[in-house]
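The block underneath contains the structure these notes are about, expressed in structure tokens.
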Amino acid sequence: MFADLIIINASNIATCADNQQGAGIIENGYVAVKDGRILEAAAGSPSQNIINSDTEVIDAMGKTVTPGLVDAHTHLVHGGSREKELPLKLKGVPYLEILKMGGGILSSVKNTRDASKEQLKAKALKSLNQMLVYGTTTVEAKSGYGLDFDTEVKCLEAAKELNGEHAVDIISTYMGAHAIPQEFKGDTQGYMDFMFEKVMPYVADNKLAEFLDVFCEDGVFSPEESRTIMQKAKALGFKLKIHADEIVPLQGAELASEMGAVSADHLLAASDKGIEAMAKAKVTAVTLPGTSFYLMLGKYAQARKMIDAGVRVAIATDYNPGTSPTESLQTIMSFACFGMKLTPEEIIKGMTLNAAYALDRQQEVGSIEKGKKADLVIFDAPNVDYIVYHYGINHVDTVIKNGKIVVKNRQIV
Ligand code: NIG
Ligand code: FE
């Protein structure tokens, strides 16, 4: 069998295979691709038996190959931006205080309601292009800046359409439980009933989202309310995610474990018991160190403790207009390293295989193993450590999606 494409002479290949130590590094090797899937990856040179005149050969001398990056937590589709909140933030007005004043998430809700689907798609498309040139090939996208029926559906449809139109694969999450909209102010139960009766069945029936996420936080949805929302979601066939223990410790990690969530995200204030429960229930922790930095919280999720406790730790951007306005997982690598003290190999695995687990896509993407999707990044860096060490720039040279080159010399082709 002849390969369609072979990357040869790679200084480092981070396979990120599950059964390997660290990022499963192969030194001086090759990766062969056939029919959009990984054919083989190994040290040394490929056998001439898999190369013919139709095989495209890429020389990756001095470069590092990783699986396509997986961004397991983003709020991709939204209207507007919130740079006007910067002065308030700098004055020290807390995040939850800005939200109480009708700013924060609620100001993005207004911008999102005011935008047409085409406008939302055009904005999200720009973000997807950024993600791709920075090495992201699979992304999770939450709704939650519409809250009313029409706008939530508009955002989820936008994501679904973009998934068909753009190289990056988009996995959708319904997050109506992101805030209580003004029209239900003081009536959380009323808003929950509206989601249960009107929105969730429609989203499920029309397959607009695979996951449901809830913001379990002081002044947003209490643990009891979050549990009820998650129970209803489960009954409708949604897989579960939760914004847990982001700011105030509310035993969100415990709740995620109890409910069998696929992931619990944020977790800055997760308890030791919650971490143990997540290990036992095999809930993937999605850490979002860019958000810690951007909220100036002065602390990060205890990723090291989680890893030691046997929790699978993913790392994502949390791309959103309020607490993490960046599409770049490479930027987030800096905070994962210098904030959470993770090693570069742990970081790469956290943005590939472990992130795939957080999206229930571990069979399809996240590692360079025979049969998996040929989603690959060639970094212009001699090893994985270098990518994280030399920070603040884009090291991506080439991105391959489903076996096809989609970014070459840092440009979308
Ligand atoms: O993940 N925590 C809730 N949601 C987002 C922020 C949303 C916003 O501020 O617009 C987050 O941090
Ligand atoms: Fe988030």
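No value in this document is a laboratory result; all are computed from the given coordinates. Since the structure is predicted, the reported quantities are computational estimates derived from the model, not experimental observations. Positions of Cβ are backbone-derived with ideal geometry, glycine not excepted, and every protein chain shown enters the neighbour counts.
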Under the Karplus relation with 6.51, -1.76 and 1.60 and θ = phi - 60°, whole-Hz ³J(HN,Hα) for region 235-242, x at Gly and Pro, equal 5, 8, x, 6, 7, 10, 9, 8
Restricting to aspartates and glutamates and to Cα separations under 16 Å from K91, and discarding same-chain partners fewer than 8 apart, the set is E83
Length gained if E197 through E118 is fully extended, taking 0.36 nm per residue and subtracting the Cα-Cα distance, is 25.7 nm
Counting sequence-distant residues (5 or more places) and residues on other chains, those with an amide H built under 5 Å from that of V57 are I6
Interchain or sequence-distant (5+) residues whose placed amide H lies within less than 5 Å of the amide H of A381 are T64
Low-density loop trypsin sites (Lys or Arg not before Pro), region 330-413, at most 12 other Cβ within 10 Å, DSSP non-H/G/I/E/B, are K341, K370
The chain: relative contact order from alpha carbon pairs under 8 Å, six or more residues apart, as a whole percent, is 20 percent
Check: C-alpha center region 295-356 vs C-alpha center region 154-211, spacing in Å is 26 Å
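Would you mind telling me the antiparallel percentage of the DSSP bridges in the chain, rounded to 5?
45 percent
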Rounded to the nearest 10 degrees, the helix 272-281 long axis (Cα) sits at an angle to the longest Cα principal axis of the chain of 60 degrees
For N163 and L90, extending 7 Å from Cα along the Cα-Cβ vector and measuring point to point gives, in nm, a value of 4.1 nm
proj_area_mean for region 69-358 (convex hull on C-alpha atoms), units nm², value 13.0 nm²
Answer in debye to the nearest 20: the dipole magnitude of region 69-358 about its Cα centre, from +1 Lys/Arg and -1 Asp/Glu charges placed on Cβ, is 420 debye
For K110, the aspartates and glutamates lying under 14 Å Cα to Cα, once residues fewer than eight places off in the same chain are dropped, come out as D148, D150, E152, E183
Along region 8-24, Karplus-curve 3J(HN,Hα) (6.51, -1.76, 1.60; θ = phi - 60°) to the nearest Hz, with x for Gly and Pro, reads 10, 6, 5, 4, 9, 10, 8, 6, 6, 5, 4, 8, 9, 5, x, 8, x
Computed ³J(HN,Hα) along region 43-51: with the Karplus parameters 6.51/-1.76/1.60, θ = phi - 60°, integer Hz and x for glycine or proline, the list is 6, x, 10, x, 5, 4, 5, 9, 10
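By its C-alpha gyration tensor, with a ≥ b ≥ c as the square roots of the eigenvalues, how is region 68-209 shaped: rounded for a/c under 1.5, else prolate for a/b larger than b/c, else oblate?
It is oblate, given that a/c is not under 1.5 and a/b is not larger than b/c.
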Among chymotrypsin sites (Phe, Trp or Tyr not before Pro) in region 359-395, those in a DSSP loop whose Cβ has at most 13 other Cβ atoms within 10 Å are none
Per DSSP, the loop-located trypsin sites (Lys or Arg not before Pro) within region 246-308 having at most 12 other beta carbons within 10 Å are K299
